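In what follows, a structure is listed as structure tokens, so that the remarks can point back to it.
The values are calculated or read from the model by the stated rules, or taken from the named source; none is laboratory data. Computed from a predicted model, the values in this text were never measured in an experiment. Cβ coordinates were reconstructed from backbone atoms using ideal geometry, including for glycine residues, and neighbour counts include every protein chain displayed. For the accessible areas, the whole protein counts, side chains as well, though only heavy atoms, and no ligand, DNA or RNA atoms are used. Shrake-Rupley method; radii C 1.70, N 1.55, O 1.52, S 1.80 Å.
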Amino acid sequence: MELWPWLTAALLLLVLLLQLSRSARFYAKIGLYCVLCFTVAAVAAVVCLLRHGGRTVENMSIIRWPIRRFKYLYGLRFEVRGGQELEVDRPCVIISNHQSILDMMGLMEVLPDRCVQIAKRELLFLGPVGLIMYLGGVLFIDRQRSRTAMTVMSDVGKRMVREKLKVWIYPEGTRNDSGDLLPFKKGAFHLAIQAQVPIIPVVYSSFSSFYNYKTKLFTSGTIKVEVLDAIPTTGLTVADVPELLDTCQQAMRATFFHVSQLPRENGAPAGPDAQASQ
């Protein structure tokens, strides 16, 4: 029995389905994205082991290169302003908003040298993705055990000063596509004050014009990235954490509305007011 007619018919049906169904196109693109991530992670893990022999922040440059190419496949453009702030040769804490699984592309687009991320421990068990994160020096935290998490963060503070590391944290703590920022958690601000290093906020515009999980929208689009001026923490103490958190969140929220060209929400300024508040 010939298989080619059946395979051809199945392929034609698949193409027709992708043309007629937005949901099918959405899941096909997400599925391809996941396959690409796992494939790139597996290949990059081998390269990292051959080149550096194990876990080191230097592996991030190997991981960064292929992921930056994903944007061409998906028709995405990044417009980055203030990127030079991230290239300064000093330890710092970088904070940014967190919207979807596509954030990895945005992260790699501006990721500076000698920068590691803080991630939840569950990601360590994602097969080759978890392996490449480990090899790249990603720091894993068990959010269910606050005492262990605090110990890890304390060690991170000492390491980042000693090794001149930059640490990237999503202060919202989870993905958020609500069109606003979630309340920030305090970990990043405790870390910056403990290490007496500056905080650099990075804001990505809303993905809603080209990506929406609820409506199964996934098309091409432009992502604006705004790197704000570094906020110093020299001389600050734990008592200053709430004020520092509020300062960063207000600046990032105003910038988010501005670069996303969204209207005022919950009293947050958009447009020129947002720019002035930076």
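Residues in the stretch 72-94 that are closer than 17 Å to Val259 by Cα and in contact with a helix residue (DSSP H, G or I) (Cβ under 8 Å, 6 or more places away or on another chain): Leu76, Arg77, Phe78, Val80, Gly83. Residues in the stretch 56-87 that are outside any helix (DSSP H, G or I) and either open to solvent by less than 30 Å² (accessible area, probe 1.4 Å) or without any contact (Cβ under 8 Å) to a residue 60 or more places away in the chain (or both): Arg68, Arg69, Leu76, Gly82. Restricting attention to the stretch 89-128 and to residues that are without any contact (Cβ under 8 Å) to a residue 12 or more places away in the chain and outside any loop (DSSP other than H, G, I, E, B), the residue that is surrounded by the fewest Cβ atoms within 10 Å (Cβ to Cβ) turns out to be Phe125.
Determine whether Thr219 is open to solvent by 20 Å² or more (accessible area, probe 1.4 Å) and among the β-branched types (Val, Ile, Thr). Taking the combined requirement at face value, the residue satisfies it.
Return yes when Glu122 is of a type outside the set (A, V, I, L, M, F, W, C) and at pLDDT below 90 and no when it is not. The answer is yes for Glu122. Looking across the stretch 181-211, the residues that are surrounded by fewer than 16 Cβ atoms within 10 Å (Cβ to Cβ) and either touching a Lys or Arg at 6+ places or on another chain (Cβ under 9 Å) or of a type outside the set (Gly, Ala, Ser) (or both) come down to Pro183, Lys186, Gln196.
Listed by first and then second residue, the pairs with beta-carbon distance under 8 Å, at least 6 apart or on different chains, first residue in the stretch 230-242 and touching a residue at least 60 places away in the same chain (Cβ under 8 Å), second among the aliphatic types (A, V, I, L, M) and open to solvent by less than 40 Å² (accessible area, probe 1.4 Å), are Ala230/Ile199; Ala230/Ile200.
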